[in-house]
Amino acid sequence: MKRNLLTVMLLTSIALTACQKEAPAESAAATPMPAESPATAPLAATPSDPAMAAEADATAQGATPMVGGAPMYPDRDIVTNAATSEDHTTLVAAVQAAGLVDTLKGPGPFTVFAPTNAAFEKLPAGTVDGLLKPEMKSDLTKVLTYHVVPGNIDAAALVQQIQAGGGTAKLKTVEGAELTAKLDGQTVTLSDAKGNEARVTTADVRQSNGVIHVIDTVLMP
């Protein structure tokens with residue numbers, strides 16, 4: 001009897017010990033490991049999001065500069081855009097009188113320093129009317145092409161040239177003579193062969209065949 005009781009107690013002790021060893025394993029298996037949170041991708045703007053669509057429209061409108069009360073569309077050529085500016089009617093008339101329309105509508109690219117009507121008004125009385133006469137076409141062409149530089153030179157590139165030149169940059173114009181570009185604070189200025197100085201008032205008006213920089217003074221070769 002005692003032997004049977006001892007055997008039962010021994011078997012019970014072994015069984016209890018085995019259960020205690022298995023319990024942590026079962027507990028560990030039952031407890032799920034925390035999953036890593038997946039990286040959250042940034043929200044993409046879609047046409048179905050009215051707020052984002054409105055913001056995109058506003059950005060697009062801001063990317064089209066206004067000159068002379070008209071938008072300057074980058075997919076249009078220099079002449080087509082300039083013809084819509086109320087501030088450049090004299091310049092456009094001069095380009096037409098000089099027979100340069102087809103040239104400035106061509107592939108280019110051209111960098112045009114475009115004087116405003118107010119710039120032409122600063123010239124001595126009778127100068128503009130005289131240049132627009134048929135017999136003065138050659139002189140008019142020289143004046144206009146003196147405002148055109150081959151290539152597509154935006155403001156950043158122009159400033160780089162000025163800095164690389166120790167404060168000045170020489171720009172070879174289509175007319176053949178040079179313009180001297182400098183920085184006056186944050187403003188680019190251009191000097192002609194006669195010492196006249198023009199300031200760039202609106203930069204980087206991009207065109208399909210180049211870029212326009214609006215200036216406040218007519219330059220003379």
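The values are calculated or read from the model by the stated rules, or taken from the named source; none is laboratory data. If you're wondering where the values come from, they're calculated on a predicted model, not measured in any experiment. Heads up, the Cβs are rebuilt from the backbone with ideal geometry, glycines too, and the neighbour counts pull from every protein chain shown.
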**Criterion: more than 26 Å from Q207 (Cβ to Cβ) and small (G, A, S) - qualifying residue of G166, G151** = G166
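Condition check ((1) surrounded by 14 or more Cβ atoms within 10 Å (Cβ to Cβ); (2) aliphatic (A, V, I, L, M); (3) at pLDDT 95 or above) across all residues:
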{"site": "L91", "(1), (2), (3)": "yes, yes, yes"}
{"site": "Q96", "(1), (2), (3)": "no, no, yes"}
{"site": "G99", "(1), (2), (3)": "no, no, yes"}
{"site": "P115", "(1), (2), (3)": "yes, no, yes"}
{"site": "A119", "(1), (2), (3)": "yes, yes, yes"}
{"site": "M136", "(1), (2), (3)": "yes, yes, yes"}
{"site": "D139", "(1), (2), (3)": "yes, no, yes"}
**Request:** With the checklist (1) part of a loop (DSSP other than H, G, I, E, B); (2) buried (at least 21 other Cβ atoms within 10 Å of the Cβ); (3) free of Cβ contacts under 8 Å to residues at least 24 places away in the same chain in hand, flag the one item A181 doesn't pass.
**Result:** (1)
**Request:** Could you tell me whether D102 is within 31 Å of the chain's Cα centre (by Cα), in a helix (DSSP H, G or I) and not basic (K, R)?
**Result:** yes
**Item:** Filter result for K172 (more than 24 Å from T141 (Cβ to Cβ) and among the charged types (D, E, K, R))
**Value:** no
**Prompt:** Does the range 161-178 contain any residue that is closer than 13 Å to V112 by Cβ and assigned to a strand (DSSP E or B)?
**Reply:** yes
